[in-house]
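Notes for the one structure printed next.
The numbers here are math on the coordinates, done by the rules we state, and not lab data. These figures come from a predicted structure and were not determined experimentally. Reconstructed Cβ throughout: ideal geometry from the backbone, glycine too, with neighbour counts over all protein chains shown.
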Amino acid sequence: MTVTCRIFLHLVSLFIFVMPVLAAPKWPLPEGVKSVEVNSCEMAYQETGSGAPLVLVHGSINDYRVWAAQLWEFAKNYRVIAVSLRHFYPESWDGKGNDFSIEQHISDVPVFIRQLNLGPVHLLGHSRGGAVVLNAAKMHPELIKSLILEDASGLEALLPESPDNAKLVAEAKANREALAHALAAGETESGIQRFIESLNGAGSWSKLAADRKQIYFDNIRTALIPEVRPVTTCAEISKLNFPILLLNGERSPKRYGAMYQAMRKCKDIPEPVVIPNAAHAMHRDNPAAFNAAVLSFLARQ
């Protein structure tokens, strides 16, 4: 074998080694959407832009499409990957099996990052997705360049014991349980409406465009079982060794701001950036202010 052939074969082997293992989809993928095998399951994602990788993780009964107002704006400066977690759209999940849980998603995210050979990433999670990315970052800090938490759940254990804080924690649990009960009773739209308005205010459901509502309907089976968030301790927060951005909506439920203040007592983290004229879905309510806050933070890293 000539030297030239040996060099060529070596380069081919390197190329194969670094390529992600793209899945052969078992369900149709929308145009421009890819999938990759993660822990024996396909995960769909939309990717655009170049530069440092920025991974976006959606919240409950959502999927990669929720970042429509962020994807192209962030892609001007970053390689942006908006992922759909296991069993969320575009997969049409039947609700069966035992591999849907927040713990499973926490396990999936680091593998997803490695499968795409992204290296340390900026990782942004919203609500339930905030709990996912925080716990993934706790376990795999080597994969994190910075962490962005948008009204992240999963910080309830940090709240000091008091009747008011107990009420805040109970509200979140009650909202998830009420949605699951409504779905079991066949009250799909009214159940989603009550859940969305518990987070974004009375009347917010009726103001949503049809395509936004469809995202919730497409992912509704993922809400059939109410979940408990993994516990995060103050000691774990104190060990985080990467920059953190906290984001609150001006009209977000009070528990998110309370959890952030408790978190900041564990570690020197800047005050949350409050997105004006916005509630829990601040990336949708006021995308200009939300995008500006995220991009300003990222530019300093």
Segment residue 254-residue 50, length gained on full extension (0.36 nm per residue, minus Cα span)
69.8 nm
If we count every other residue with Cβ under 10 angstrom of residue 27's Cβ, Lys/Arg +1 and Asp/Glu -1, where does the sum land?
-1
Would you mind checking segment 230-259 for residues with the amide N under 15 Å from a putative spin-label position 7 Å along Cα→C-beta of residue 181?
none
Cα gyration tensor category, rounded, prolate or oblate, for segment 220-291 with a/c compared to 1.5:
oblate
Apply the a/c threshold of 1.5 to the C-alpha gyration tensor of segment 140-225 and tell me whether it is rounded, prolate or oblate.
oblate
Tell me, in nm to one decimal, what length is gained between residue 301 and residue 202 on full extension, where the rule is 0.36 nm per residue of separation less the Cα-Cα distance?
31.9 nm
Quick calc: nm separation of the 7 Å Cα→Cβ label points for residue 261 and residue 68 -> 3.6 nm
Which length gain, in nm to one decimal place, applies between residue 164 and residue 189 when the Cα-Cα distance is subtracted from 0.36 nm times their residue separation?
5.9 nm
To the nearest 10 degrees, how steeply does helix 287-299 sit against the main Cα axis of the chain, on a 0 to 90 scale?
50 degrees
Label-to-label distance, nm, for residues given as residue 292 and residue 209 (7 Å Cα→Cβ offset)
2.2 nm
Plugging the Cβ-Cβ distance of residue 92 and residue 231 into 1/(1 + (r/R0)^6) at R0 = 30 Å yields, to the nearest 0.05, a FRET efficiency of 0.35
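So what is the 222 nm mean residue ellipticity for the chain from helices alone, if each DSSP H run of at least 4 adds -39500 (n - 2.57) and you divide by all residues, rounding to the nearest 500 deg cm²/dmol?
Calculated mean residue ellipticity at 222 nm is -13000 deg cm²/dmol.
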Shape call, the chain: gyration tensor on alpha carbons, a/c limit 1.5:
prolate
If you plug each phi of segment 124-136 into the Karplus form 6.51 cos²θ - 1.76 cosθ + 1.60 with θ = phi - 60°, what whole-Hz ³J(HN,Hα) values come out, in order, with x for Gly and Pro?
10, x, 10, 6, 4, x, x, 5, 4, 6, 4, 5, 5
Quick check on packing: order 252-263, 202-213, 217-228 by the mean number of other C-beta atoms within 10 Å, highest mean leading.
252-263, 217-228, 202-213
